[in-house]
Amino acid sequence: MTVQDVFDYLNHRAPFSTAEEWDNPGLLVGNPHAEVTRVLVALDATTGAVDTAVALGADLIVTHHPVIFAPLKRLEADSIPYRLAAEGLSLIAAHTNLDKAQGGVNDTLADRLGLENVTTAQDGFTRIGVLPSERTARDFAAHVAHALDAPVRYAGESPVTTVAVCGGGGGDFIAGCVGLADAYVTGEVKHHEWLSAAGCINVVEAGHYATEVPVVDTLVEWLENAFPTLSVTVYRDGNPYDVIK
């Protein structure tokens, strides 16, 4: 089994051609012909993820966020891309293509929140589904916090039955869901987006990490099912910040 085999499978499940033009997914470090026996799956290629991959003897890391995003002007020894290459590790990132993919980031988030009859919005990212029963705005926000094990911020007072979700920085899509959903759940909301949503749609902000990290389990399941002989390990860094209540 090679890095290319894993890449081809991920390309089948979440075609890299569907990524946004500004994005940088794909095989970002390594040799497509290199043999793979052990894979580490993580949200980000952090120092902890690389340390764990090296300790496990992994050949490949699969992440959601690209380890190389903007063009590199220099490759310094303390950088993650340099270390990956020095350790002989390959890295594949599935980013906005995985956000959009059936069963990917946003379908996983919708499932984690218990939504039913889920459909895809016109933006290609947002999923819209229905709760089993109506909740108050505050009760729904508490439900999100519990389901994602994360602190949340919320605004709105109207009852919630229909919910739109977009993991990560999905605040841009809130306006497009006014009239289509009672509440919008995402990872990050800008100040002007909170103001625009006021009185139009309930909004729950649960953090970039918490709304996207569930897809790590999805990736593990995909790879284990597709490659039964492959050893797949999940790595979770945890939220990159602390909350003082």
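A residue that is among the hydroxyl-bearing types (Ser, Thr, Tyr) and open to solvent by less than 20 Å² (accessible area, probe 1.4 Å) occurs somewhere in the stretch 186-195. Taken over the stretch 65-99, the criterion of being open to solvent by less than 60 Å² (accessible area, probe 1.4 Å) and touching a Pro at 6+ places or on another chain (Cβ under 9 Å) is satisfied by Pro66, Val67, Ile68, Ser90, Leu91, Ile92, Ala93, Ala94, His95, Thr96, Asn97, Leu98.
Within the stretch 83-102, is there a residue that is outside any helix (DSSP H, G or I) and of a type in the set (Val, Ile, Thr)? Yes, some residue in the stretch 83-102 is outside any helix (DSSP H, G or I) and of a type in the set (Val, Ile, Thr). When the stretch 45-61 is filtered for residues that are open to solvent by less than 50 Å² (accessible area, probe 1.4 Å) and either closer than 27 Å to Gly207 by Cα or among the small types (Gly, Ala, Ser) (or both), the ones remaining, listed by number, are Ala45, Thr46, Gly48, Ala49, Val50, Thr52, Ala53, Gly57, Ala58, Ile61. Total residues in the stretch 15-43 satisfying the condition of being surrounded by 18 or more Cβ atoms within 10 Å (Cβ to Cβ) and in contact with a Phe, Trp or Tyr (Cβ under 9 Å, 6 or more places away or on another chain): the figure is 10. The residue that is surrounded by the fewest Cβ atoms within 10 Å (Cβ to Cβ), counting only those in the stretch 125-149 that are in contact (Cβ under 8 Å) with a residue 60 or more places away in the chain and either in contact with a His (Cβ under 9 Å, 6 or more places away or on another chain) or among the small types (Gly, Ala, Ser) (or both), is Ala145. Within the stretch 44-57, the set of residues being farther than 26 Å from Asp23 by Cα and among the aliphatic types (A, V, I, L, M) comprises Val54, Ala55, Leu56. Applying the condition of being free of Cβ contacts under 8 Å to residues at least 40 places away in the same chain and part of a helix (DSSP H, G or I) to the stretch 162-177 and asking which residue is nearest to the chain's Cα centre (by Cα) yields Gly171. At pLDDT 95 or above, in contact with a helix residue (DSSP H, G or I) (Cβ under 6 Å, 6 or more places away or on another chain), open to solvent by less than 30 Å² (accessible area, probe 1.4 Å) and not in a strand (DSSP E or B) - does that describe any residue in the stretch 111-124? The answer is yes; a qualifying residue exists.
Pairs linking a residue in the stretch 178-203 that is in contact (Cβ under 8 Å) with a residue 12 or more places away in the chain to a residue that is open to solvent by 60 Å² or more (accessible area, probe 1.4 Å) and part of a loop (DSSP other than H, G, I, E, B), with Cβ atoms under 8 Å and 6 or more positions apart or on different chains, are Val178/Cys200; Asp182/Pro159; Asn202/Glu157.
The values are calculated or read from the model by the stated rules, or taken from the named source; none is laboratory data. Quantities reported herein were computed from a predicted structural model and do not represent experimental measurements. When we count neighbours, we look across all protein chains shown, and the Cβ atoms used for this are built from the backbone with ideal geometry, even at glycine. Heads up: the accessible areas ignore ligands, DNA and RNA and are worked out on the full protein's heavy atoms, side chains in. Shrake-Rupley method; radii C 1.70, N 1.55, O 1.52, S 1.80 Å.
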